[in-house]
Amino acid sequence: MLIELPKHAEIFGCIKINEVQKVLKLESEEVQSELLRGFSKEEMEEILQRMCIVVPIKDEKMHLLDGVLRSIPLGCRIVVVSNSQRGERDIFKMERDLVSDFYRVTKHPIALIHQKDPGLGVAFKEVGYEHILDESGFVRNGKAEGMVVGLIIAKMFGSEFVGFVDADNYIPCSVNEYVRLYCAGLSIANTPYTMVRLHWRYKPKVIEDRLYFRKWGRVSEITNKYLNKLLAVQTGFETNIIKTGNAGEHAMTMKLAEIMAFSTGYSIEPYQLVYLLEEFWKGETKYREAVSSGIDVYQIETLNPHIHEEKGDEHIKEMLLQSLATIYHSKLSNEKLREEIVEELKRSGVIRRRNEIKKNKVMPPIAEIDVAEFQKLLDEYSETFISFG
Ligand code: GDD
Ligand code: MG
(Lines give C-alpha, C1' and ligand atoms only; values in the text may rest on other atoms or scores of the structure.)
(Ligands and ions follow the chains in the order given, each with its own letter.)
Protein backbone atom coordinates (compact mmCIF):
# COMPACT_ATOMS: atom_id res chain seq x y z
CA MET A 1 0.00 0.00 0.00
CA LEU A 2 1.39 3.38 -1.05
CA ILE A 3 -0.37 6.48 0.29
CA GLU A 4 0.22 10.22 0.30
CA LEU A 5 1.16 11.70 3.63
CA PRO A 6 -1.09 14.58 4.67
CA LYS A 7 0.27 17.92 3.49
CA HIS A 8 -1.94 19.90 5.77
CA ALA A 9 -3.71 19.46 9.09
CA GLU A 10 -5.79 21.63 11.38
CA ILE A 11 -5.12 21.57 15.09
CA PHE A 12 -7.78 21.86 17.77
CA GLY A 13 -6.00 21.67 21.13
CA CYS A 14 -4.55 18.17 21.33
CA ILE A 15 -6.56 16.99 18.30
CA LYS A 16 -5.05 17.03 14.86
CA ILE A 17 -7.42 16.56 11.92
CA ASN A 18 -5.46 15.72 8.78
CA GLU A 19 -6.66 16.59 5.32
CA VAL A 20 -7.75 13.79 2.98
CA GLN A 21 -4.94 11.54 1.72
CA LYS A 22 -5.04 9.60 -1.51
CA VAL A 23 -4.07 6.03 -2.26
CA LEU A 24 -1.34 5.92 -4.88
CA LYS A 25 -0.91 2.16 -5.22
CA LEU A 26 -2.59 -0.78 -3.56
CA GLU A 27 0.68 -2.66 -3.19
CA SER A 28 4.11 -1.31 -2.44
CA GLU A 29 7.53 -1.88 -1.00
CA GLU A 30 8.43 -0.10 2.22
CA VAL A 31 8.81 3.62 1.42
CA GLN A 32 9.44 6.39 3.92
CA SER A 33 9.70 9.89 2.53
CA GLU A 34 8.45 13.36 3.37
CA LEU A 35 5.50 13.05 1.03
CA LEU A 36 4.78 9.33 0.74
CA ARG A 37 4.57 6.22 2.85
CA GLY A 38 4.66 2.76 1.39
CA PHE A 39 4.00 -0.42 3.35
CA SER A 40 5.50 -3.73 2.45
CA LYS A 41 3.45 -6.92 2.69
CA GLU A 42 5.29 -7.87 5.90
CA GLU A 43 4.60 -4.53 7.55
CA MET A 44 0.90 -4.82 6.69
CA GLU A 45 0.74 -8.34 8.05
CA GLU A 46 2.29 -7.32 11.33
CA ILE A 47 -0.45 -4.71 11.89
CA LEU A 48 -3.25 -7.00 10.71
CA GLN A 49 -2.30 -9.51 13.42
CA ARG A 50 -3.14 -6.87 16.05
CA MET A 51 -6.47 -5.84 14.55
CA CYS A 52 -10.08 -6.90 14.91
CA ILE A 53 -12.69 -6.10 12.29
CA VAL A 54 -16.23 -5.67 13.56
CA VAL A 55 -19.07 -6.23 11.08
CA PRO A 56 -22.48 -4.95 12.25
CA ILE A 57 -25.34 -6.59 10.38
CA LYS A 58 -29.11 -6.44 10.31
CA ASP A 59 -31.12 -8.45 7.80
CA GLU A 60 -28.73 -8.14 4.88
CA LYS A 61 -28.46 -10.51 1.93
CA MET A 62 -26.29 -13.55 2.69
CA HIS A 63 -24.43 -12.97 -0.56
CA LEU A 64 -23.22 -9.61 0.66
CA LEU A 65 -22.05 -10.81 4.07
CA ASP A 66 -20.34 -13.75 2.40
CA GLY A 67 -18.40 -11.45 0.06
CA VAL A 68 -17.40 -9.10 2.88
CA LEU A 69 -16.05 -11.93 5.08
CA ARG A 70 -14.08 -13.49 2.24
CA SER A 71 -12.47 -10.18 1.39
CA ILE A 72 -11.16 -9.28 4.87
CA PRO A 73 -7.37 -9.73 4.78
CA LEU A 74 -5.84 -12.67 6.57
CA GLY A 75 -4.42 -12.04 10.01
CA CYS A 76 -7.08 -9.93 11.66
CA ARG A 77 -9.85 -11.41 13.72
CA ILE A 78 -13.47 -10.85 12.67
CA VAL A 79 -16.43 -10.21 14.97
CA VAL A 80 -19.91 -10.18 13.44
CA VAL A 81 -22.59 -8.54 15.57
CA SER A 82 -26.04 -9.28 14.28
CA ASN A 83 -29.39 -7.75 14.99
CA SER A 84 -31.09 -9.82 12.33
CA GLN A 85 -34.50 -11.37 12.45
CA ARG A 86 -35.01 -14.63 14.34
CA GLY A 87 -38.05 -16.84 14.76
CA GLU A 88 -39.89 -18.35 11.83
CA ARG A 89 -37.77 -16.78 9.12
CA ASP A 90 -34.48 -17.11 10.96
CA ILE A 91 -31.97 -14.89 9.20
CA PHE A 92 -29.61 -15.12 12.17
CA LYS A 93 -29.44 -18.89 11.74
CA MET A 94 -28.38 -18.41 8.12
CA GLU A 95 -25.65 -16.04 9.31
CA ARG A 96 -24.52 -18.60 11.88
CA ASP A 97 -24.30 -21.30 9.23
CA LEU A 98 -22.46 -18.99 6.90
CA VAL A 99 -19.94 -18.03 9.60
CA SER A 100 -19.37 -21.68 10.60
CA ASP A 101 -18.83 -22.69 6.96
CA PHE A 102 -16.55 -19.72 6.43
CA TYR A 103 -14.35 -20.86 9.31
CA ARG A 104 -14.44 -24.52 8.31
CA VAL A 105 -13.18 -23.67 4.84
CA THR A 106 -10.83 -20.75 5.51
CA LYS A 107 -9.74 -21.16 9.18
CA HIS A 108 -9.96 -17.38 9.51
CA PRO A 109 -10.64 -16.61 13.23
CA ILE A 110 -14.19 -15.32 13.53
CA ALA A 111 -16.83 -14.78 16.21
CA LEU A 112 -20.55 -14.08 16.02
CA ILE A 113 -23.14 -12.88 18.50
CA HIS A 114 -26.73 -11.70 18.37
CA GLN A 115 -27.31 -8.22 19.74
CA LYS A 116 -30.50 -9.37 21.51
CA ASP A 117 -28.84 -12.31 23.24
CA PRO A 118 -30.29 -12.27 26.78
CA GLY A 119 -26.87 -13.28 28.15
CA LEU A 120 -25.33 -10.22 26.57
CA GLY A 121 -27.86 -8.08 28.41
CA VAL A 122 -26.99 -9.82 31.68
CA ALA A 123 -23.26 -9.36 31.11
CA PHE A 124 -23.66 -5.61 30.47
CA LYS A 125 -25.89 -5.20 33.51
CA GLU A 126 -23.54 -7.08 35.82
CA VAL A 127 -20.48 -5.06 34.79
CA GLY A 128 -22.44 -1.84 35.33
CA TYR A 129 -22.84 -0.74 31.72
CA GLU A 130 -26.60 -0.35 31.52
CA HIS A 131 -26.31 2.59 29.13
CA ILE A 132 -26.63 0.18 26.21
CA LEU A 133 -29.74 -1.61 27.50
CA ASP A 134 -33.46 -1.03 26.94
CA GLU A 135 -36.11 -1.24 29.67
CA SER A 136 -36.36 -5.03 29.27
CA GLY A 137 -32.65 -5.57 29.85
CA PHE A 138 -31.73 -6.32 26.21
CA VAL A 139 -29.19 -4.38 24.18
CA ARG A 140 -31.08 -1.64 22.32
CA ASN A 141 -31.54 -1.74 18.55
CA GLY A 142 -29.09 0.31 16.54
CA LYS A 143 -25.95 0.13 14.51
CA ALA A 144 -23.93 1.97 17.16
CA GLU A 145 -25.11 -0.42 19.85
CA GLY A 146 -23.95 -3.34 17.68
CA MET A 147 -20.61 -1.64 17.19
CA VAL A 148 -20.12 -1.15 20.94
CA VAL A 149 -20.85 -4.86 21.49
CA GLY A 150 -18.22 -5.63 18.84
CA LEU A 151 -15.77 -3.24 20.43
CA ILE A 152 -15.98 -4.96 23.83
CA ILE A 153 -15.55 -8.37 22.24
CA ALA A 154 -12.51 -7.04 20.34
CA LYS A 155 -11.09 -5.83 23.65
CA MET A 156 -11.84 -9.23 25.18
CA PHE A 157 -9.71 -10.78 22.42
CA GLY A 158 -6.87 -8.38 23.29
CA SER A 159 -6.92 -6.57 19.92
CA GLU A 160 -4.90 -3.36 19.81
CA PHE A 161 -6.77 -1.93 16.85
CA VAL A 162 -10.43 -2.12 15.94
CA GLY A 163 -12.00 -1.37 12.57
CA PHE A 164 -15.61 -1.39 11.35
CA VAL A 165 -16.99 -2.43 7.98
CA ASP A 166 -20.63 -2.58 6.90
CA ALA A 167 -22.02 -5.93 5.81
CA ASP A 168 -24.10 -4.64 2.87
CA ASN A 169 -21.20 -4.10 0.47
CA TYR A 170 -21.62 -5.13 -3.18
CA ILE A 171 -17.90 -4.94 -3.98
CA PRO A 172 -16.11 -7.47 -1.79
CA CYS A 173 -12.62 -6.36 -2.75
CA SER A 174 -13.32 -2.82 -1.57
CA VAL A 175 -13.44 -4.25 1.95
CA ASN A 176 -9.96 -5.66 1.48
CA GLU A 177 -8.78 -2.16 0.59
CA TYR A 178 -10.61 -0.57 3.56
CA VAL A 179 -8.88 -2.82 6.06
CA ARG A 180 -5.46 -2.23 4.51
CA LEU A 181 -6.09 1.51 4.64
CA TYR A 182 -6.88 1.21 8.33
CA CYS A 183 -3.51 -0.45 8.84
CA ALA A 184 -1.74 2.24 6.83
CA GLY A 185 -3.40 5.11 8.68
CA LEU A 186 -2.93 3.59 12.11
CA SER A 187 0.76 3.04 11.53
CA ILE A 188 1.67 6.51 10.24
CA ALA A 189 0.37 8.03 13.45
CA ASN A 190 2.69 9.41 16.10
CA THR A 191 0.33 8.81 18.97
CA PRO A 192 -1.42 5.74 20.40
CA TYR A 193 -4.70 7.70 20.20
CA THR A 194 -5.53 7.51 16.51
CA MET A 195 -8.58 7.27 14.29
CA VAL A 196 -8.71 6.55 10.56
CA ARG A 197 -11.85 7.52 8.65
CA LEU A 198 -12.40 6.55 5.06
CA HIS A 199 -13.74 8.81 2.38
CA TRP A 200 -15.20 6.93 -0.58
CA ARG A 201 -13.87 8.09 -3.88
CA TYR A 202 -17.24 7.54 -5.54
CA LYS A 203 -20.66 6.38 -4.45
CA PRO A 204 -22.14 5.25 -7.78
CA LYS A 205 -25.85 5.18 -8.43
CA VAL A 206 -27.95 4.05 -11.35
CA ILE A 207 -29.50 7.15 -12.85
CA GLU A 208 -31.85 6.45 -15.75
CA ASP A 209 -29.99 3.56 -17.41
CA ARG A 210 -26.46 4.49 -16.61
CA LEU A 211 -24.07 4.09 -13.69
CA TYR A 212 -23.29 7.59 -12.47
CA PHE A 213 -20.23 8.02 -10.24
CA ARG A 214 -21.40 10.46 -7.59
CA LYS A 215 -18.76 11.95 -5.38
CA TRP A 216 -20.87 12.39 -2.26
CA GLY A 217 -23.55 10.48 -0.44
CA ARG A 218 -26.75 12.38 0.24
CA VAL A 219 -26.19 12.67 3.97
CA SER A 220 -22.39 13.01 4.18
CA GLU A 221 -22.13 16.26 2.29
CA ILE A 222 -24.60 17.96 4.61
CA THR A 223 -23.13 16.46 7.79
CA ASN A 224 -19.63 17.58 6.77
CA LYS A 225 -20.87 21.10 6.09
CA TYR A 226 -22.33 21.45 9.59
CA LEU A 227 -19.41 19.79 11.35
CA ASN A 228 -17.13 22.31 9.65
CA LYS A 229 -19.46 25.13 10.66
CA LEU A 230 -19.28 23.85 14.25
CA LEU A 231 -15.51 24.26 14.12
CA ALA A 232 -15.93 27.78 12.70
CA VAL A 233 -18.29 28.76 15.53
CA GLN A 234 -15.44 28.11 17.95
CA THR A 235 -12.43 29.35 15.98
CA GLY A 236 -13.91 32.19 13.92
CA PHE A 237 -12.29 30.70 10.80
CA GLU A 238 -14.25 28.89 8.13
CA THR A 239 -12.89 25.49 7.18
CA ASN A 240 -13.68 22.45 5.08
CA ILE A 241 -11.20 20.09 6.76
CA ILE A 242 -13.85 17.51 7.72
CA LYS A 243 -14.75 15.26 4.80
CA THR A 244 -15.67 12.10 6.69
CA GLY A 245 -18.49 13.10 9.05
CA ASN A 246 -20.50 9.93 8.35
CA ALA A 247 -17.60 7.54 7.77
CA GLY A 248 -19.17 4.16 8.59
CA GLU A 249 -15.85 2.64 7.54
CA HIS A 250 -13.39 3.69 10.22
CA ALA A 251 -10.84 2.27 12.63
CA MET A 252 -9.23 3.26 15.90
CA THR A 253 -6.51 2.22 18.24
CA MET A 254 -8.08 0.41 21.17
CA LYS A 255 -6.58 3.07 23.46
CA LEU A 256 -8.71 5.69 21.72
CA ALA A 257 -11.77 3.49 21.15
CA GLU A 258 -12.10 2.72 24.86
CA ILE A 259 -12.18 6.37 25.90
CA MET A 260 -14.70 7.37 23.22
CA ALA A 261 -18.36 7.96 23.96
CA PHE A 262 -20.80 6.61 21.36
CA SER A 263 -24.03 8.12 20.20
CA THR A 264 -26.90 5.82 19.30
CA GLY A 265 -27.78 4.38 15.87
CA TYR A 266 -26.46 6.18 12.82
CA SER A 267 -25.33 9.27 14.73
CA ILE A 268 -22.28 7.35 15.97
CA GLU A 269 -19.82 8.58 13.33
CA PRO A 270 -20.50 12.35 13.38
CA TYR A 271 -20.70 12.23 17.16
CA GLN A 272 -17.21 10.71 17.36
CA LEU A 273 -15.84 14.00 16.05
CA VAL A 274 -18.19 16.12 18.16
CA TYR A 275 -17.21 14.12 21.25
CA LEU A 276 -13.48 14.45 20.60
CA LEU A 277 -13.82 18.21 20.24
CA GLU A 278 -16.08 18.62 23.27
CA GLU A 279 -14.07 16.35 25.51
CA PHE A 280 -10.46 16.93 24.47
CA TRP A 281 -10.47 20.42 22.98
CA LYS A 282 -13.02 22.42 24.93
CA GLY A 283 -13.63 20.09 27.89
CA GLU A 284 -11.90 19.08 31.10
CA THR A 285 -11.28 15.45 30.30
CA LYS A 286 -10.12 12.92 32.86
CA TYR A 287 -8.20 11.10 30.13
CA ARG A 288 -5.06 13.19 30.55
CA GLU A 289 -2.72 10.75 28.82
CA ALA A 290 -4.61 11.23 25.55
CA VAL A 291 -4.19 14.98 25.94
CA SER A 292 -0.45 14.76 26.44
CA SER A 293 0.07 12.18 23.67
CA GLY A 294 -2.28 13.95 21.25
CA ILE A 295 -5.13 12.54 19.16
CA ASP A 296 -4.69 12.09 15.40
CA VAL A 297 -7.55 11.84 12.92
CA TYR A 298 -6.67 10.63 9.43
CA GLN A 299 -9.01 10.80 6.46
CA ILE A 300 -8.13 8.56 3.53
CA GLU A 301 -9.80 8.46 0.13
CA THR A 302 -10.33 4.93 -1.16
CA LEU A 303 -9.51 3.75 -4.64
CA ASN A 304 -12.63 1.60 -4.84
CA PRO A 305 -16.09 3.05 -5.24
CA HIS A 306 -18.67 2.12 -2.62
CA ILE A 307 -21.82 0.32 -3.68
CA HIS A 308 -24.18 -0.81 -0.98
CA GLU A 309 -27.85 -1.59 -0.41
CA GLU A 310 -30.22 1.31 -1.12
CA LYS A 311 -32.49 1.62 1.90
CA GLY A 312 -34.87 4.35 0.82
CA ASP A 313 -35.71 7.95 1.57
CA GLU A 314 -37.05 7.51 5.08
CA HIS A 315 -33.80 5.83 6.12
CA ILE A 316 -31.78 8.70 4.64
CA LYS A 317 -33.94 11.28 6.41
CA GLU A 318 -33.56 9.50 9.74
CA MET A 319 -29.79 9.35 9.29
CA LEU A 320 -29.63 13.06 8.45
CA LEU A 321 -31.76 13.94 11.46
CA GLN A 322 -29.66 11.85 13.84
CA SER A 323 -26.42 13.21 12.36
CA LEU A 324 -27.39 16.87 12.55
CA ALA A 325 -28.92 16.40 16.01
CA THR A 326 -25.43 15.66 17.36
CA ILE A 327 -24.26 19.04 16.06
CA TYR A 328 -27.44 20.90 17.03
CA HIS A 329 -27.21 19.72 20.64
CA SER A 330 -23.46 20.11 20.94
CA LYS A 331 -22.30 22.55 23.56
CA LEU A 332 -19.91 23.92 20.93
CA SER A 333 -22.85 25.06 18.79
CA ASN A 334 -24.52 28.48 18.92
CA GLU A 335 -28.00 29.83 18.20
CA LYS A 336 -27.14 30.91 14.65
CA LEU A 337 -25.87 27.43 13.73
CA ARG A 338 -28.86 25.79 15.39
CA GLU A 339 -31.15 28.00 13.34
CA GLU A 340 -29.34 26.97 10.14
CA ILE A 341 -29.71 23.29 11.04
CA VAL A 342 -33.43 23.74 11.64
CA GLU A 343 -33.78 25.40 8.22
CA GLU A 344 -31.73 22.65 6.54
CA LEU A 345 -33.86 19.90 8.05
CA LYS A 346 -37.09 21.68 7.13
CA ARG A 347 -35.88 22.25 3.56
CA SER A 348 -35.02 18.55 3.21
CA GLY A 349 -38.47 17.59 4.46
CA VAL A 350 -37.04 15.85 7.53
CA ILE A 351 -38.79 17.90 10.23
CA ARG A 352 -41.62 20.38 10.47
CA ARG A 353 -40.86 21.74 13.91
CA ARG A 354 -37.67 22.49 15.79
CA ASN A 355 -38.58 20.30 18.75
CA GLU A 356 -38.39 17.24 16.52
CA ILE A 357 -34.59 17.47 16.78
CA LYS A 358 -34.23 15.17 19.75
CA LYS A 359 -30.99 14.69 21.62
CA ASN A 360 -29.42 11.32 20.80
CA LYS A 361 -28.74 8.85 23.61
CA VAL A 362 -25.04 8.63 24.37
CA MET A 363 -23.14 5.60 25.69
CA PRO A 364 -20.11 6.51 27.82
CA PRO A 365 -16.60 5.07 27.31
CA ILE A 366 -16.12 1.36 27.88
CA ALA A 367 -12.68 1.88 29.48
CA GLU A 368 -13.86 1.07 32.99
CA ILE A 369 -15.65 -2.18 32.13
CA ASP A 370 -14.01 -5.22 33.69
CA VAL A 371 -13.50 -7.18 30.48
CA ALA A 372 -12.43 -10.43 32.17
CA GLU A 373 -15.64 -10.39 34.19
CA PHE A 374 -17.64 -9.55 31.05
CA GLN A 375 -16.12 -12.54 29.27
CA LYS A 376 -16.90 -14.83 32.20
CA LEU A 377 -20.53 -13.69 32.20
CA LEU A 378 -20.79 -14.07 28.45
CA ASP A 379 -19.38 -17.60 28.58
CA GLU A 380 -21.86 -18.50 31.28
CA TYR A 381 -25.07 -16.85 30.02
CA SER A 382 -24.80 -16.25 26.30
CA GLU A 383 -27.05 -18.28 24.01
CA THR A 384 -25.66 -17.13 20.68
CA PHE A 385 -21.96 -16.32 21.05
CA ILE A 386 -19.74 -18.52 18.93
CA SER A 387 -16.04 -18.04 18.41
CA PHE A 388 -13.78 -20.00 16.09
CA GLY A 389 -10.01 -19.94 15.99
N1 GDD B 1 -25.69 -5.06 14.66
C2 GDD B 1 -26.47 -4.20 14.02
N3 GDD B 1 -27.55 -3.69 14.69
N4 GDD B 1 -26.17 -3.82 12.76
C5 GDD B 1 -26.99 -2.94 12.14
C6 GDD B 1 -28.13 -2.39 12.78
C7 GDD B 1 -28.42 -2.81 14.12
O8 GDD B 1 -29.41 -2.41 14.76
N9 GDD B 1 -28.73 -1.55 11.90
C10 GDD B 1 -27.98 -1.57 10.77
N11 GDD B 1 -26.94 -2.42 10.91
C12 GDD B 1 -25.88 -2.75 9.93
C13 GDD B 1 -26.35 -2.94 8.52
O14 GDD B 1 -26.79 -4.26 8.28
C15 GDD B 1 -25.09 -2.61 7.72
O16 GDD B 1 -24.21 -3.69 7.69
C17 GDD B 1 -24.46 -1.51 8.58
O18 GDD B 1 -25.00 -1.64 9.89
C19 GDD B 1 -24.77 -0.11 8.03
O20 GDD B 1 -26.15 0.09 8.04
P21 GDD B 1 -26.95 0.61 6.76
O22 GDD B 1 -28.39 0.57 7.11
O23 GDD B 1 -26.49 -0.09 5.54
O24 GDD B 1 -26.51 2.12 6.73
P25 GDD B 1 -26.18 3.05 5.50
O26 GDD B 1 -25.52 2.28 4.44
O27 GDD B 1 -27.37 3.84 5.13
O28 GDD B 1 -25.13 4.03 6.15
C29 GDD B 1 -23.80 3.61 6.35
O30 GDD B 1 -22.94 4.53 5.79
C31 GDD B 1 -23.03 5.84 6.36
C32 GDD B 1 -22.09 6.74 5.58
O33 GDD B 1 -22.56 6.95 4.31
C34 GDD B 1 -23.57 3.47 7.86
O35 GDD B 1 -22.30 2.88 8.08
C36 GDD B 1 -23.64 4.82 8.53
O37 GDD B 1 -23.33 4.66 9.92
C38 GDD B 1 -22.70 5.77 7.84
O39 GDD B 1 -22.82 7.04 8.42
MG1 MG C 1 -25.48 0.48 3.76
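The values are calculated or read from the model by the stated rules, or taken from the named source; none is laboratory data. Quick caveat: nothing in here was measured; it's all calculated off a predicted structure. Ideal geometry is used to build each Cβ from the backbone, glycine not excepted, and the neighbour counts take in all protein chains shown. In case anyone asks, the SASA skips ligands and DNA or RNA and just uses the protein heavy atoms, side chains included. Shrake-Rupley method; radii C 1.70, N 1.55, O 1.52, S 1.80 Å.
Would you mind listing the strands (runs of 3 or more DSSP E) fully within the stretch 151-231 where at least 3 residues are open to solvent by less than 10 Å² (accessible area, probe 1.4 Å), under 22 Å from Met363 (Cβ atoms) and more than 13 Å from ligand 1 (Cβ to nearest atom)?
Once the strands (runs of 3 or more DSSP E) in the stretch 151-231 are filtered for at least 3 residues that are open to solvent by less than 10 Å² (accessible area, probe 1.4 Å), under 22 Å from Met363 (Cβ atoms) and more than 13 Å from ligand 1 (Cβ to nearest atom), what remains is 193-199.
I need the full set of residues from the stretch 232-253 which are assigned to a helix (DSSP H, G or I) and touching a helix residue (DSSP H, G or I) at 6+ places or on another chain (Cβ under 6 Å), in order please.
Looking only at the stretch 232-253, we keep the residues that are assigned to a helix (DSSP H, G or I), and these are 232-235.
Within the stretch 232-253, Val233 is the sole residue that qualifies.
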Restricting attention to the stretch 324-335, does a residue exist that is of a type outside the set (Phe, Trp, Tyr), surrounded by fewer than 17 Cβ atoms within 10 Å (Cβ to Cβ) and without any contact (Cβ under 8 Å) to a residue 60 or more places away in the chain? yes
Consider only pairs whose beta carbons are under 7 Å apart and that are at least six residues apart or on different chains; among these, list those whose first residue lies in the stretch 156-168 and is touching a residue at least 40 places away in the same chain (Cβ under 8 Å) and whose second residue is more than 16 Å from ligand 2 (Cβ to nearest atom) and charged (D, E, K, R). Phe157/Arg77; Ser159/Arg50; Ser159/Arg77; Glu160/Arg50; Phe161/Arg50
Do any residues in the stretch 173-197 that are within 16 Å of Met44 (Cβ to Cβ) and free of Cβ contacts under 8 Å to residues at least 60 places away in the same chain have Cβ atoms under 7 Å from those of residues that are part of a helix (DSSP H, G or I) and of a type in the set (A, V, I, L, M), where the two are at least six apart or on different chains, and which pairs are they? none
Restricting to the stretch 317-333, what's the tally of residues that are within 16 Å of ligand 2 (Cβ to nearest atom) and in contact with a Gly (Cβ under 9 Å, 6 or more places away or on another chain)? 5
Quick one: His108 ticks every box in (1) touching a Phe, Trp or Tyr at 6+ places or on another chain (Cβ under 9 Å); (2) in a loop (DSSP other than H, G, I, E, B); (3) within 12 Å of ligand 1 (Cβ to nearest atom); (4) closer than 23 Å to Cys52 by Cα except a single one, so which number is it? (3)
Qualifying residue in the stretch 200-207 (condition: away from ligand 2 (no atom under 14 Å from the Cβ) and under 20 Å from Leu74 (Cβ atoms)): no
Any chance the stretch 79-98 includes a residue that's among the small types (Gly, Ala, Ser), closer than 20 Å to Val162 by Cα and in contact with an Asp or Glu (Cβ under 9 Å, 6 or more places away or on another chain)? yes
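Right, Lys107: under 22 Å from the mean Cα position of the chain (by Cα) and surrounded by fewer than 18 Cβ atoms within 10 Å (Cβ to Cβ) or not? Walk me through it before giving the result.
Details: under 22 Å from the mean Cα position of the chain (by Cα): no; surrounded by fewer than 18 Cβ atoms within 10 Å (Cβ to Cβ): yes.
Judged against the criteria, Lys107 is not a match.
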Selection within the stretch 212-245 - within 16 Å of ligand 2 (Cβ to nearest atom) and without any contact (Cβ under 8 Å) to a residue 12 or more places away in the chain: none
Applying the selection to the stretch 112-150, what residues are in contact (Cβ under 8 Å) with a residue 40 or more places away in the chain and in a strand (DSSP E or B)? Leu112, Ile113, His114
List pairs: first residue in the stretch 93-111 and free of Cβ contacts under 8 Å to residues at least 24 places away in the same chain, second residue assigned to a helix (DSSP H, G or I) and surrounded by 17 or more Cβ atoms within 10 Å (Cβ to Cβ) anywhere in the structure, Cβ distance under 8 angstrom, at least six positions apart or on different chains. none
Looking at the stretch 67-104 only, could you name the residues that are open to solvent by less than 50 Å² (accessible area, probe 1.4 Å), outside any strand (DSSP E or B) and hydrophobic (A, V, I, L, M, F, W, C)? Val68, Leu69, Ile72, Cys76, Ile91, Phe92, Leu98, Val99, Phe102
Ser387 being open to solvent by 40 Å² or more (accessible area, probe 1.4 Å) and either in a loop (DSSP other than H, G, I, E, B) or closer than 26 Å to Tyr129 by Cβ (or both): yes
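Kindly indicate whether Ile351 is among the hydrophobic types (A, V, I, L, M, F, W, C) and within 21 Å of the chain's Cα centre (by Cα). Break it down stepwise before answering.
Values: among the hydrophobic types (A, V, I, L, M, F, W, C): yes; within 21 Å of the chain's Cα centre (by Cα): no.
Against the criterion (among the hydrophobic types (A, V, I, L, M, F, W, C) and within 21 Å of the chain's Cα centre (by Cα)), Ile351 does not qualify.
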Lone qualifier among Leu64, Leu24 - being surrounded by 15 or more Cβ atoms within 10 Å (Cβ to Cβ) and not in a helix (DSSP H, G or I): Leu24
